[in-house]
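To start, the structure itself, in C-alpha cells.
The values are calculated or read from the model by the stated rules, or taken from the named source; none is laboratory data. Just so it is clear, the model here is predicted, and its values are computed rather than measured. All Cβ positions, even for glycine, are placed from backbone atoms using ideal geometry, and neighbour counts span all protein chains on display. The area values use the complete protein model at the heavy-atom level, side chains included, leaving out ligands, DNA and RNA. Shrake-Rupley method; radii C 1.70, N 1.55, O 1.52, S 1.80 Å.
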Amino acid sequence: VLEILNNALKIADDSKMLGLFSRTHFQLSDYYKQDDNYEEAVKHLEAHINLEKEFNKNAISQKISTLEITHKVEETRKEADAAKQKNEELTRLNEEIEDQRKKLETALANLKATQAQLVQSEKMASLGELTAGIAHEIQNPLNFVNNFSDVNKELLTELGEETEKENYKDAKAIVKNLIQNEEKIIHHGNRADAIVKAMLQHSRATGGQKESTDIDRLADE
C-alpha cells in the first residue's frame, strides 16, 4: 500500500495534479498514523493542509477572475445597450430634423410662390394705375383735338354761307379762326404723340445710359 501511495504521490507531483497530490498526502498521513509513525503522519498531513490551502487559494482566485470577467462582460453589455439606445435616439432626432427640414422647404416654397403672386398682383395694380394715368394724359389732348375739330366744322359751315353771300370780310375772320384752331389741334396732337412716344421709350429695355433731354419740353409735359 505504501508503495502504491508513493507512486501515486510521484505521479501527482509530476503531472501537477494538486487534487490528487493533496489526497495522496492525506492517505499517507492516515497510513502512517495507523502505523504509529506520527512524525511522517504529521508531515504528510501538513503537506495535505498546505496543498488544500493552495488549491482553495487557486479556486478563490479563479472565482475572483470569473467574477471580474463576468463583471466586465456585464459592463460591456450595459455600455453596448447604452450605445444602442443613444444610436436609436440619434436616429430618431435625425428623422425629426429631416422631417422639419422638409417642412421648412415646403413652407419656403409656398412662401416664395405667395411672394411671387403678391409681386405679380402688385405689378398688375401698378400697371392698372399706369394705364389709367396714360389714358388720362392722352385723353386731355384728344379732347382738345375733338373740340376744336367740332368748332372748325361749324366754322367751315359758316364760311360756306358767308362765301355764298360774298361777305368776304366775315369769311376772312372765320378763316383766321380756322387757322388758329388748326394750330391748337396740331399742338394737342403733338402732345398726344409725345405721350405715346415717351411711353414706348419707357417700355423699351435700355442699358441705363444717360441721354440729353429738353428740360423746357419736359417741364411742359
If you place +1 on the Cβ of every Lys and Arg, -1 on the Cβ of every Asp and Glu, and leave all else neutral, what size is the dipole of the stretch 1-135 about its Cα centre, to the nearest 20 Debye? 760 debye
Angle between the Cα long axis of helix 18-34 and the longest principal axis of the chain, 0 to 90 degrees, nearest 10? 20 degrees
Hey, what D do you get for the stretch 83-221 in µm²/s if you plug the Kirkwood alpha-carbon radius into Stokes-Einstein at 37 °C and 0.692 mPa s? 150 µm²/s
Geometric extent, Cα atoms of the stretch 1-143 - Rg, Dmax (angstrom): 48.7, 157
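Determine the calculated [θ] at 222 nm for the chain from helices alone, applying -39500 (n - 2.57) to every DSSP H run no shorter than 4 residues and normalising by the residue count; nearest 500 deg cm²/dmol. If you can, show how the numbers build up before the last one.
Details: 5 runs with 199 residues, N = 221.
It comes out at -33500 deg cm²/dmol, rounded to the nearest 500.
Filter the GluC sites (Glu not before Pro) in the stretch 139-169 to those in DSSP coil with at most 11 other Cβ atoms within 10 Å of their Cβ, and list the result.
Numbers: sites: E154, E158, E161, E162, E164, E166; in loops: E166.
Here the sparse-neighbourhood loop sites are E166.
For the stretch 103-144, with every protein chain kept in place, what is the accessible area per residue (1.4 Å probe, Å²)?
On a per-residue basis, the stretch 103-144 sits at 80 Å².
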Whole Å is fine, so just give me how far the alpha carbon centre of the stretch 151-187 lies from that of the stretch 42-95. 128 Å
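Highest mean first, what order results for 178-189, 74-85, 24-35 on Cβ atoms within 10 Å?
Values: 178-189: 14.5, 74-85: 10.0, 24-35: 17.8.
Those peptides, ordered most packed to least, come out 24-35, 178-189, 74-85.
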Could you tell me how many degrees, from 0 to 90 and to the nearest 10, lie between the Cα long axis of helix 2-14 and the main elongation axis, the longest principal axis, of the Cα atoms of the chain? 20 degrees
Express in Å², to the nearest 10, the accessible area of D216 obtained by rolling a 1.4 Å probe over the protein heavy atoms while all chains stay in place. 110 Å²
Rounded percent of accessible protein surface that carbon and sulfur make up, the stretch 1-122, 1.4 Å probe: 57 percent
How far, in degrees from 0 to 90, does helix 38-164 lean away from the longest principal axis of the Cα atoms of the chain, to the nearest 10? 0 degrees
